[in-house]
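Written below as structure tokens is the structure these notes are about.
Quick note: the coordinates plus some simple rules give every number you see, no bench work behind them. Everything numeric here is computed off the predicted structure, so don't read it as measured data. Glycine also receives a Cβ, built like all others from the backbone with ideal geometry; neighbour counts cover every protein chain displayed.
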Amino acid sequence: MEIIKYSEEHNIFRQAVRKFFEKEVIPYVEEWEEAGIVPRSIWKKMGDQGFLCMDVPEKYGGMGADFLYSVIMSEELVRTGHSGLAAALHSDIVVPYITAFASEEIKHKYLPGCVSGDIITAIAMTEPNAGSDLAGMKTTAVGDGDDVVINGQKTFISNGILCDLLILAAKDPSEPDPHRAVNLYVVDAGTPGFEKGRKLKKIGWHSQDTAELFFADCRIPKQNLLGGKGSGFLMLMQKLQQERLMVALGAVPAAERILEMTIKYCRERTAFGRPLSKFQNTQFKLVEMATEIKLGRTFLDKLVMDHIEGKNIVVEVSMAKYWTTEMAMRVADGCLQLHGGYGYCEEYPIARAWRDLRVMQIFAGTNEIMKGIAAKFMGL
Ligand SMILES: Cc1cc2nc3c(=O)[nH]c(=O)nc-3n(C[C@H](O)[C@H](O)[C@H](O)COP(=O)(O)OP(=O)(O)OC[C@H]3O[C@@H](n4cnc5c(N)ncnc54)[C@H](O)[C@@H]3O)c2cc1C
């Protein structure tokens, strides 16, 4: 059952991306994991190939490409088995805030660099004491003449060390309504008062530079406000649909990749004189996982098409984010078990896949928050 109809151009693009990753990413994965960060040069190489922010309109340096190019890019990146290069976060989650809500001046100033890979972006919402409860954030942005002055702290920010530009959520303390108080700003990483802090030590995603960020009397022009004043939450709600879809787009191909390599392993590895794949338990486990993945793939592809058609699928996307990430984790766990002791060893890709997948249930809104959104829409 083919839900997404890729064109010949899409297929050619997929081959080009796959070839690029085979040459420019896969050989360096171990080195980057060891370094705890990816080099800036890979961002530039991607930009040179036209692989970043493909949906940005041509007048700002992009290709104005349809969303299926983002789907292909995300799937191919997952196939590399590497989670540090957060290009999908940059292209399909952060930059769309600029494309959709920034002034013409800001768009012309920053979008060409986002496309070329000269500007790496991040989005900073979470704070040490405000993750799920975003409205509880403490970072403030206070107007002062032609400027806005920012004070506060963010944490868990992906691309936090490499970022040149930030979409920052901050509160106007004079606004009593906690939701209307949240505004989004574009902040240049070179702005005095903006400091990058610690790169966080995580159990997975070792080559992703997740970091703390600090703001002390950081003064930015008030034109850096995105959208209208008081509309920060609305913009987040609008864009979180795509963010959560992108997470599901990471989870399903990851599960597909893990299963593929586990089937190969089970065919090659023998015990009691026959391949593991000949044991009924192995077969049943593999079939159960394959079935779950197919269910996830069908749901995901349908949502991709609905998203392209501009449908409001907030509830379905919340369901997909929670279900596909939990499904991928079940698959990773089941596949690790089928690898036996080797599954627990660093040199086997299943080990990294298992620990890297875990975070998907936490970021972009925890799976509990996803279920809460669905429950609310179901009138519960
Ligand atoms: C590797 C990584 C990368 C990240 N990247 C970014 C980024 O780029 N930008 C960014 O802004 N943030 C980022 N985050 C932060 C992430 O979005 C938050 O960690 C997440 O939203 C949860 O917030 P919290 O950690 O404060 O947990 P809490 O909100 O404290 O939640 C703790 C637990 O309580 C549960 N809980 C909370 N409220 C409810 C409720 N109402 N009902 C039921 N259960 C609830 C949660 O589901 C969770 O299980 C990243 C996090 C990680 C780990």
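What are the trypsin sites (Lys or Arg not before Pro) within region 304-333 that DSSP puts in a loop, where the Cβ has at most 15 other Cβ atoms within 10 Å?
Values: sites: Lys311, Lys321, Arg330; in loops: Lys311.
Passing both the DSSP loop test and the Cβ count: Lys311.
For Arg355 and Lys376 in one chain, what is 0.36 nm times their gap in residues minus the Cα-Cα distance, to one decimal in nm?
Between Arg355 and Lys376, full extension yields an extra 4.4 nm.
Hey, what number do you get for the chain at 222 nm if only DSSP H runs of n ≥ 4 count, each worth -39500 (n - 2.57), divided across all residues, to the nearest 500?
-15500 deg cm²/dmol
Under Stokes-Einstein, with the Kirkwood radius over Cα pairs standing in for Rh, what whole-number D in µm²/s applies to region 246-313 at 4 °C and 1.567 mPa s? Don't skip to the answer; put the middle values down first.
Values: Rh = 13.6 Å.
Translational diffusion coefficient: 95 µm²/s.
Could you give the alpha-carbon Rg of region 104-175 over 2.2 N^0.38 Å, rounded to two decimals?
Cα-based Rg divided by the globular estimate yields 1.24.
Using a cut-off of under 14 Å, list every residue of region 278-313 whose amide N is near the label point 7 Å from the Cα of Asp333 along the Cα-to-beta-carbon line.
In region 278-313, the label zone of Asp333 (backbone N under 14 Å from the point 7 Å along Cα→Cβ) covers 289.
Where nothing but the Cβ of Lys and Arg (+1) and of Asp and Glu (-1) is charged, how large is the charge dipole of the chain around its Cα centre, in debye to the nearest 20?
980 debye
At q = 0.15, 0.18, 0.20 Å⁻¹, what base-10 log of I(q)/I(0) does the Debye formula yield for region 135-208 when every alpha carbon is treated as an equal point scatterer in vacuo?
Listed by q, the Debye log ratios stand at -0.58, -0.79, -0.92.
Report, as a whole number in µm² per second, the diffusion coefficient that Stokes-Einstein gives for region 26-138 at 20 °C and 1.002 mPa s using the Kirkwood radius over alpha carbon pairs.
Working: Rh = 15.2 Å.
Once the numbers are plugged in, D ends up at 141 µm²/s.
Please report the antiparallel percentage of the DSSP beta bridges confined to region 46-179, to the nearest 5.
Approximately 55 percent, going by the DSSP bridge assignments.
How big is the Cα convex hull of region 298-380 in projection, averaged over all directions, in nm²?
Dividing the Cα hull surface by four gives the mean projection, 6.5 nm².
Beta carbons within 10 angstrom, averaged per residue: use that to sort the peptides 349-357, 245-253, 7-15, 164-172, highest first. Show your work: numbers first, answer last.
Values: 349-357: 20.8, 245-253: 25.6, 7-15: 13.0, 164-172: 23.8.
So the peptides 349-357, 245-253, 7-15, 164-172, ranked by packing, come out 245-253, 164-172, 349-357, 7-15.
Val287 versus Ile12, label points 7 Å from Cα toward the beta carbon: distance in nm?
Result for the modelled spin labels: 4.3 nm.
What fraction of the DSSP beta bridges in the chain is antiparallel, stated in percent and rounded to the nearest 5?
The antiparallel proportion sits near 85 percent.
In square nanometres, what is the average projected area of the Cα convex hull of the chain? Please report the intermediate quantities before stating the final value.
Numbers: hull surface 78.8 nm².
Result: a mean projected hull area of 19.7 nm².
Rounded if a/c is under 1.5, else prolate if a/b beats b/c, else oblate: with a ≥ b ≥ c from the C-alpha gyration tensor eigenvalues square-rooted, which is region 1-78?
Since a/c reaches 1.5 but b/c is at least a/b, the shape of region 1-78 is classed as oblate.
Please report, in cubic angstrom per residue, the volume enclosed by the convex hull of the alpha-carbon atoms of region 181-303.
Taking the convex hull of the Cα positions in region 181-303, it is 164 Å³ per residue.
What FRET efficiency would be calculated for the residue pair Lys138, Phe67, taking the C-beta separation as r and a Förster radius of 35 Å, to the nearest 0.05? Walk me through the numbers before you get to the answer.
On the way: r = 35 Å, r/R0 = 1.00.
My answer for the efficiency is 0.50.
Please report, in whole Å³, the volume per residue of the convex hull around the C-alpha atoms of region 238-380.
108 Å³
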